[in-house]
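Shown next, in structure tokens, is the structure this report addresses.
Throughout, read-outs are computed from the coordinates displayed, never taken from laboratory work. These figures come from a predicted structure and were not determined experimentally. Here the Cβ positions follow ideal geometry from the backbone for every residue, glycine too, while neighbour counts run over all protein chains shown.
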Amino acid sequence: MSPLDEAIIANDALPQHQRRTNQAIADEYGTSEAAVRRHRKALKRRSEQRQRGEDAYFGVPTEAITARGKTVRLADGSYEKITWKPGAAEQAEAKRLAYDDIAPLLAEKPTPAADHPRKGTYVVVISDMQIGKTDVRGGTKETVKAVRSAIARISRNAAAYDEVILVDCGDSTENFTNTVSQAQTCDMGLVEQIRTAQGVLADAVHQLAQACPSVTYVAVPSNHCQVRTGIGRSNRANIAADDYGLLIQSNIQMAVEGRPGYEGVSFAAPAPRLESLTVRAQDGTTMGVTHGHAAGSKGRVADWFRGQAFGCVAGMQDARVLLHGHWHSFSIQTVGDSRQIICAPTIDPGSSWFQNASGEASKPALLTFELGGGASSDWRLWS
């Protein structure tokens, strides 16, 4: 705060008959009467913003500010330069509420039956839920109902396997900062999106842990879940690990650690600056997992896969199967030396934009398949 600002505040705190005029203050500080009026107006605006819980200069939630710098004078007065982390307030609130939200879902101790033969590795894929989105097939209520119904049936199937790999293939929340229109098409705020998505995923972990003695929960960063400084993909706030989907996975991991019955549940995510990873099936078959948006288009995923393999990124050179989401419709193709690329379907409420442009609509579903013998097989869509 400048000396002029301090003088204005001190003057305005005096009884009316003792206050100096703007011109008297201006003369003392070697400025104009108009400058004093501008400073007083700016001080009033900052006070109102503080009352709303926003930073006085940038309209940023005060709890998101991580550091403050020196005062810099501008034409209309001085302002305080700050360093802040976008999404910090939302993440802090979601993390604060996470345990209370998740704990009841995990209260019942999972006890997988051990009296029947089991086989291999079963992959369960939840992709592009985009919790908070509303469109042609409804909104969050319909999405949550569809996922929970599918997981209940999938869990019965999972009881036949030695291990389950549960994959959150990205875009678990809709967010507000991918496009301008999202502010008008969401049915809940960002914190509620995070809480709802983590409730759905925690329930999936619980049900699968009841069915199978070994569950690996995999999550990858994605475009809808990126923490951003503004609207659009060029405004990512930080490294790939700043992602609401990875936050949800971390919250669930903290909730199950040390909880009886969850000893067989493990977690896997990319290194902080990477957007993909590889996981191994029981027999050693390696599968790469990524959201898919980094490829640029669905037709370029094979080239992206090839580049990652040649660059030995995240172990992709060993992957016999690449699993991704992002393009919302199920497909499988074979490339190179019989490697497979699987695009997972979405379970979201649909896209009226795509339907109006193309006349097509993807079938909402979760995907399951077996992984082993250097390939995937027995693909099934659950809707």
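General remarks:
- Simple label model, 7 Å out from Cα along Cβ direction - A361 to D318, nm: 4.4 nm
- Extension gain, V136 to R259, is 40.3 nm, computed as 0.36 nm per intervening residue step minus the present C-alpha separation.
- In nm, spacing of pseudo-spin labels at F310 and I9 (7 Å Cα→C-beta vector): 6.0 nm
- Label-reachable residues, the stretch 1-23, where backbone N falls under 17 Å from a point 7 Å from A34's Cα toward its Cβ: 22-23
- Amide H contacts under 5 Å for F267, placed H, 5+ residues apart: Y217
- Shape of the stretch 88-382, Cα gyration tensor, a/c cut at 1.5: rounded
- Label-point separation, R148 to I332 (7 Å along Cα→Cβ), nm: 3.1 nm
- FRET efficiency, 1/(1 + (r/R0)^6) with R0 41 Å, evaluated for T185 and D378 via beta carbons: 0.70
- Overall dimensions of the stretch 255-383 as given by Cα atoms, namely Rg and Dmax in Å: 16.2, 51
- In the stretch 260-331, the inverse of the mean reciprocal separation of distinct Cα atoms equals 13.2 Å; this is its Kirkwood hydrodynamic radius.
- Amide H within-cut-off set for V164, under 5 Å, with H built and near neighbours excluded: Y122, S214, V215, T216
- Separation of the alpha carbons by more than 28 angstrom is noted, of K298/K363; K109/K145; K141/K363; K133/K298; K119/K298, for K119/K298.
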